[in-house]
Every structure is written in structure tokens, then in C-alpha cells.
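Please read the structure below before turning to the comments.
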Amino acid sequence: MPTDDGGLLRRALLADDCINELVRPLRDSGWSVEIGEPDEKALYVTVVATAGDERMTIALLSGCATDNALYRKLAETCAAILYRGAPYNQQQFAYGINVHVGPAAAWLPPVPRNGKRRFRSHPIWRRLQRLKGRVAFAAKAIKYDIRRRRQRPAQQL
């Protein structure tokens, strides 16, 4: 009977966090994103972000507690190494690394030099735009009501 070492679960969690923590924020910042395949043990996945002539490679690890040799291998090609979860003894695992290393949930992608952030596509901004329209309509209705009341003769009690 075949056994699973947790690779399928790691692969699924890695793919889910890659979309939520890397791809969406990068796209909101103006980057085009290509996602690579996870390695054979599903320890990491790489993401290549491009904007015009700029190119940035980011690695997402399945956890902070990963061998330093893997950190060094990824540091050769990546601008940032991010990991799922909390920073568990990060200094002990990622020593001697010259690129940014940190949790994916706390990372904000840089804005490309020739691009603008696309925060307007975020659902909160869309909701605020709808509310702005409603507030403008309510303000017009109140002004109309005030003008109408001024034009009516005063009623006596």
C-alpha cells in the first residue's frame, strides 16, 4: 500500500498560499505573474513577476524551518524568499542570506518603476465607490428638500 509523506497536502497548501499571499498582491501592485511548479518534495514554489522590462523572482517555502542549503540555493536566483506561517527561529535557518527573508503574510510587493498600484480593483475600493455614489445622491436629495421647503409658505399652527 503506498504511503504519502505529506507532499500532496504541502503542495495544496503551498498553491493556496501562493495565490493568496503572492499572486494577488503582486497583481494589485501592477506586476504580471507566472507561477512555477513546486519542487518534487513540495518544499517551495517560485513565482516570476514582470512589469515592462523589470523582472523579479520570489520563492515561497512551505515553512520557515527549512535547511540553510535550500535558502542559499534560492538566494542565488530570487529577490525575496518568503515562507508560510510564523518566523520560527528564522535566524538559525536563514543565516548568511543576502536577500529578503520573511513570512509571506507580512510582505508587501514593491511597485514597479513604470507601473501604478491597482488598489482600485480591490473589493473594498469598489464598495467605497458605490457608497460614494449613494452619498452624492443623498446629498442632492437633501439639498432639493431644503430648497422645496424654503419655497413653501410657512405653515401656521
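The values are calculated or read from the model by the stated rules, or taken from the named source; none is laboratory data. These numbers come from a predicted model, not from an experiment. With ideal geometry, Cβ positions are generated from the backbone for all residues, glycine too; neighbour counts draw on all protein chains shown. All accessible areas refer to the heavy atoms of the entire protein, side chains included, with ligands and DNA or RNA removed. Shrake-Rupley method; radii C 1.70, N 1.55, O 1.52, S 1.80 Å.
Observations, loosely collected:
- Protection proxy ranking of 89-102, 139-152, by the mean of other Cβ atoms within 10 Å over each peptide's residues and highest first, is 89-102, 139-152.
- Karplus-derived 3J(HN,Hα), 6.51/-1.76/1.60, for each residue of the stretch 54-63, Hz, glycine and proline x: 7, 9, 9, 10, 10, 10, 10, 8, 6, x
- In plain terms, the chain from Arg130 to Arg150 could stretch by 4.1 nm, reckoned as 0.36 nm per residue minus the Cα-Cα distance.
- The residues packed around Ala59, meaning those with a beta-carbon under 11 Å from its beta-carbon, carry a net charge of -1 if Lys and Arg are +1 and Asp and Glu are -1.
- Efficiency of FRET from Cβ geometry, Asn89 and Ala12, R₀ 25 Å, rounded to 0.05: 0.50
- At a probe radius of 1.4 angstrom, the accessible area of the chain per residue rounds to 71 square angstrom.
- Of the residues Ala80, Ala59, Ala136, the one that moves most in a GNM of the chain with alpha-carbon contacts below 10 Å is Ala136.
- Calculated FRET value between Glu37 and Asn114, using beta carbons and R₀ = 41 Å, to 0.05: 0.90
- Dipole magnitude of the chain, debye to nearest 20 (Cβ charges: Lys/Arg +1, Asp/Glu -1, about Cα centre): 2420 debye
- Non-local lysine pairs in the chain, meaning eight or more places apart or on different chains, with alpha-carbon distances under 27 Å, amount to 4.
- Stretching Asp28 away from Asn68 to a fully extended chain increases their span by 11.2 nm, per 0.36 nm per residue minus the current alpha-carbon distance.
- Across Asp67, Asp53, Asp28, mean-square fluctuation computed from a Gaussian network of the chain (C-alpha pairs under 10 Å connected) peaks at Asp53.
- Contour minus Cα-Cα distance for Asn20 and His100 (0.36 nm per residue): 26.9 nm
- Within the chain, helix-based [θ] at 222 nm, where runs of 4 or more DSSP H residues each add -39,500 (n - 2.57), nearest 500: -11000 deg cm²/dmol
- Between the amide H of Tyr83 and those of Leu61, Gly102, Ala104, distances stay under 5 Å, these residues lying 5 or more places away or on another chain, with hydrogens modeled in the peptide plane.
- Given (1) 20, 19, 14; (2) 51, 18, 14; (3) 25, 17, 15, the label whose value is semi-axes √(5λ) of the Cα gyration tensor in Å derived from this model: (2)
- Per-peptide average of other Cβ atoms within 10 Å, ordering 69-76, 11-18 highest first: 11-18, 69-76
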